[in-house]
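Novice: Just passing along the structure, written as structure tokens.
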Amino acid sequence: MKKLNAKKCVECGLCKNDCPVYRALLRETVSPRGKAKLIKKEMAENIMFLCTLCGACTQNCPYNIDLEIEKMREKIAEEGNDPEANKRLIKRIRKNGNPYVPTEEEKIGRFGVKKL
């Protein structure tokens, strides 16, 4: 069956309970249905980064809707509006090859200690 885009979502809500982010936060705005509403209004927001990309919403949707969260994230990043946390991770990967190792600037800023 062909996947439909988010604008075809009928907002039935059957996807909500399968979403791990919704189950953790219990906020409609982070549910797949909430994201579909934002997409319909053409409101690409940083809420799109609150998604594990697990695909449970697409797998369990009776209408086979694909929210295309990755495309929305790309659009947000192209506009320069991606979250600061993402920018930090990208900077760390480029500098250290590892998203979890803080850069020297971050260490100095956090601890006020310069490298000897």
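Bear in mind that the values in this text are calculations on the coordinates, not laboratory data. For clarity, every value in this text was computed on a predicted model and none was experimentally measured. Positions of Cβ are backbone-derived with ideal geometry, glycine not excepted, and every protein chain shown enters the neighbour counts.
Novice: Which Cα, out of TYR100, ASN86, LEU25, lies furthest along the positive dipole direction of the chain (beta carbon charges, K/R +1, D/E -1)?
Specialist: TYR100
Novice: Enumerate by residue number the trypsin sites (Lys or Arg not before Pro) in the range 1-81 meeting two conditions: DSSP loop (anything except H, G, I, E, B), and at most 16 other Cβ atoms within 10 Å of the site's Cβ.
Specialist: Answer by residue number: LYS2, LYS3, ARG27, LYS41.
Novice: Within a Cβ distance under 14 Å of LYS16, other residues only, what is the Lys/Arg minus Asp/Glu net charge?
Specialist: After counting each charged neighbour, the total is +2.
Novice: Report, by chain and number, residues whose modeled amide H sits under 5 Å from the one on ILE65, excluding near sequence neighbours (fewer than 5 apart, same chain).
Specialist: LEU4
Novice: Which shape class, rounded, prolate or oblate, goes with the chain when its Cα gyration tensor gives a ≥ b ≥ c as root eigenvalues, a/c under 1.5 marks rounded, and past that a/b bigger than b/c marks prolate?
Specialist: It comes out prolate by the Cα gyration axes.
Novice: Structure shown: which of LYS41/LYS87; LYS35/LYS95; LYS16/LYS107 lie over 29 Å apart, alpha-carbon to alpha-carbon? It would help to have the intermediate numbers written out before the result.
Specialist: Values: LYS41/LYS87 26 Å; LYS35/LYS95 33 Å; LYS16/LYS107 39 Å.
Long pairs (Cα-Cα over 29 Å): LYS35/LYS95; LYS16/LYS107.
Novice: Using the Cα centre of the chain as the reference point, and only Cβ charges (+1 on K/R, -1 on D/E), how large is the resulting charge dipole? Debye, rounded to the nearest 20. Could you put the intermediate results ahead of the total?
Specialist: Numbers: 25 positive and 16 negative charges, 41 e Å.
Rounded to the nearest 20 debye, it is 200 debye.
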